[in-house]
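Okay, so here's the structure we're looking at.
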Amino acid sequence: MGLFSKLINGLGKTRQRLGDSIRRVLSLHPRIDDTLWSQLEEALISADAGVATTAALLAALKEKLKHQPVESDNVAEGVRLLLEETIEEMITPAIGNGLNLSATPAVLLIVGVNGSGKTTSIAKLTRHFQQQGRKVLLAAADTFRAAASEQLITWGDRLGVQVISQKPGADPAAVAFDAFQAAKARAYDLLIVDTAGRLHNKDNLMQELNKIGRVLKKIDSSAPHEVFLVLDANTGQNMIQQARVFQEISGVTGLVLAKLDGTARGGAVISVCRELSIPLRFIGLGEKPEDLAAFDPREFARGLFEAPEEKA
Ligand SMILES: Nc1nc2c(ncn2[C@@H]2O[C@H](COP(=O)(O)OP(=O)(O)OP(=O)(O)O)[C@@H](O)[C@H]2O)c(=O)[nH]1
Ligand SMILES: [Mg+2]
């Protein structure tokens with residue numbers, strides 16, 4: 001399956017909640033008036049686009065309609081297309097600059113709350129970078145949860161990459177340090193560091209992330225080169241608060257939105273893009289290593305409305 005079809009399929013639940021309901025609203029009420037605006041507002045909020053982002057979207061759409069009025073016999077499709085365009089414009093700034101992973105070895109630190117999808121996303125990212133011809137090493141710096149290292153080692157075996165690990169309870173910063181040294185000594189291109197899930201209000205665990213960062217800097221003062229925060233898309237608007245706290249503590253440089261395939265709350269992606277000044281790098285669309293897509297604003301906006309049978 002191509003990546004766009006995967007995105008289309010993965011966004012199914014959000015599309016039902018958002019795209020399909022907006023189409024329905026527009027076909028039942030193809031007149032631009034207050035009733036239409038309040039129904040559009042309801043549809044966007046029900047897909048967890050958030051109050052502020054919904055208001056901003058509708059204001060931008062109204063502004064667009066002033067300059068690009070739609071034909072009276074084509075209100076439904078005309079407004080729908082303009083909304084898709086408005087969403088695309090709103091999320092496009094989140095694409096950010098290129099990844100800062102040109103150092104050799106570059107270090108990519110993965111952080112997030114418990115169960116958000118970190119380790120699975122690492123498997124996906126490993127495959128992604130392998131396909132770009134990079135030699136990847138993994139570090140199992142989640143020494144906290146029983147079986148966390150085994151989970152990463154199993155992925156490593158499946159993907160044919162080495163995993164540096166120590167015994168449960170070891171200092172996560174020491175694992176990261178050893179792995180970075182090994183990556184340097186053995187001429188790897190990229191080290192990806194898995195960390196334990198942590199609640200953003202647990203101070204000691206957040207400080208531990210800080211320590212991992214400090215220890216990596218002893219080897220290369222510019223490391224970690226990227227810090228990806230993995231967010232579970234099911235948490236909807238809560239992603240924003242989580243991201244703010246992690247950004248403060250561990251200098252998040254990019255977002256991975258996991259589990260977008262299982263949620264109807266994908267509207268929250270629009271506010272994540274609008275309200276956070278952190279690039280959205282990848283979206284997770286399933287549990288397998290290939291279920292990852294680089295964030296593409298055009299495709300994402302299309303995927304919110306375009307049903308599979310309409311696929312070219
Ligand atoms: N459907 C779906 N499931 C996902 C996705 N990403 C992860 N999962 C599932 O979510 C669950 C948790 O994933 P993990 O990768 O173990 O999450 P984690 O953040 O490493 O968890 P901890 O290490 O316990 O904090 C697993 O059952 C994964 O298969 C995704 O994009 N889509
Ligand atoms: Mg994990």
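Derivation of every value follows stated rules applied to the coordinates shown; laboratory data play no part. Small disclaimer: the values here were computed from a predicted structure and weren't measured. Note that each Cβ is placed from the backbone with ideal geometry, even for glycine, and that neighbours are counted across all protein chains shown.
Numbers for the structure displayed
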read-out: Qualifying residue in segment 240-248 (condition: within 14 Å of ligand 1 (Cβ to nearest atom), farther than 25 Å from SER102 by Cα and more than 12 Å from the chain's Cα centre (by Cα)); value: yes
read-out: Output for segment 199-231, where each listed residue is within 12 Å of ligand 1 (Cβ to nearest atom) and either assigned to a helix (DSSP H, G or I) or buried (at least 22 other Cβ atoms within 10 Å of the Cβ) (or both); value: LEU205, PHE228, LEU229, VAL230, LEU231
read-out: Qualifying positions in segment 127-145 - within 14 Å of ligand 1 (Cβ to nearest atom) and either in a loop (DSSP other than H, G, I, E, B) or crowded, with 24+ Cβ neighbours inside 10 Å (or both); value: LEU138, ALA139, ALA140, ALA141, ASP142, THR143, PHE144, ARG145
read-out: Residue match in segment 223-234 (condition: polar (S, T, N, Q) and within 12 Å of the chain's Cα centre (by Cα)); value: yes
read-out: Unique match (being of a type in the set (Val, Ile, Thr), outside any helix (DSSP H, G or I) and within 16 Å of ligand 2 (Cβ to nearest atom)) among VAL256, VAL252; value: VAL256
read-out: Identity of the residue in segment 181-198, under 22 Å from the mean Cα position of the chain (by Cα) and outside any loop (DSSP other than H, G, I, E, B), that ends up farthest from ligand 2 (Cβ to nearest atom); value: LEU190
read-out: Of residues in segment 54-99 being β-branched (Val, Ile, Thr) and part of a helix (DSSP H, G or I), the one farthest from ALA268 (Cα to Cα); value: VAL75
